[in-house]
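Participant: Pasting in a structure now, in structure tokens, and then I'll have a few things to ask.
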Amino acid sequence: MSTLLLTHPACLDHVTPPGHPERADRLRAIAEVLSEPRFNGLARGEAPEGSLDSVTLCHNEHYIGELRHIAPSSGMVYVDGDTSMSPGTWEAVMRGVGGAVAATDAIMSGNHQNAFVAIRPPGHHAEINK
């Protein structure tokens, strides 16, 4: 049984301020390493776009609405002192949601033994309403 690798180029479009540790170069570095021949056995695919229904399993609708409202069409806005949104952030986030759900489904259905979803921005500090 194989390992599934999901990623999406839209995840590179989440722009962070200069010098921020969470930046597109991190995902590029992961992609470069995973392109080495020793990883040829990975089952690769693009992370699908997630649904708002999936997002509301973890976050309340009011919070999601706030983020959609402040998502910029140009420039950058700050959600808090360390979290920013750029024009590409919303799609990147939704690809992360879709990738996480697709990877879970692939494992639970027995199609893959495990999975790695190489996406950004990360959501590991996210809470129900922040």
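Participant: Can you tell me which condition Gly88 does not meet? The list is (1) farther than 15 Å from Val15 by Cα; (2) touching a helix residue (DSSP H, G or I) at 6+ places or on another chain (Cβ under 8 Å), and all the others hold.
Facilitator: So Gly88 meets the others, but not (1).
Residues checked against (1) surrounded by fewer than 17 Cβ atoms within 10 Å (Cβ to Cβ); (2) assigned to a helix (DSSP H, G or I); (3) touching a residue at least 40 places away in the same chain (Cβ under 8 Å):
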{"site": "Pro21", "(1), (2), (3)": "yes, no, no"}
{"site": "Ala29", "(1), (2), (3)": "yes, yes, no"}
{"site": "His62", "(1), (2), (3)": "yes, yes, yes"}
{"site": "Ala102", "(1), (2), (3)": "no, yes, yes"}
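Participant: Residues being more than 15 Å from Leu6 (Cβ to Cβ) and either surrounded by fewer than 17 Cβ atoms within 10 Å (Cβ to Cβ) or more than 8 Å from the chain's Cα centre (by Cα) (or both): count how many of those fall in the range 109-130. Show your work before the answer.
Facilitator: Initial filter on the range 109-130 (more than 15 Å from Leu6 (Cβ to Cβ)): 110, 121, 124-130.
Filter once more, keeping what is either surrounded by fewer than 17 Cβ atoms within 10 Å (Cβ to Cβ) or more than 8 Å from the chain's Cα centre (by Cα) (or both): 110, 124-130.
So the answer is 8.
Participant: Among the residues of the range 77-99, how many are closer than 19 Å to Thr56 by Cβ, surrounded by fewer than 19 Cβ atoms within 10 Å (Cβ to Cβ) and modelled with pLDDT of 95 or more?
Facilitator: Number of matching residues: 2.
Participant: Continuing with the same structure: Could you tell me which residue of the range 94-108 is farthest from the chain's Cα centre (by Cα), considering only residues that are farther than 14 Å from Glu46 by Cα and of a type in the set (A, V, I, L, M)?
Facilitator: Only one residue tops the list, namely Met108.
Participant: Among the residues of the range 31-60, write down those that are assigned to a loop (DSSP other than H, G, I, E, B) and either over 21 Å from Gly88 (Cα atoms) or among the polar types (S, T, N, Q) (or both).
Facilitator: Ser35, Glu36, Asn40, Gly41, Leu42, Ser51, Thr56, Leu57, Cys58, Asn60
The values are calculated or read from the model by the stated rules, or taken from the named source; none is laboratory data. Note that the coordinates shown come from a computational prediction; the quantities given were computed from them, not determined experimentally. Cβ: placed from backbone, ideal geometry, glycine included. Neighbour counts: every protein chain shown.
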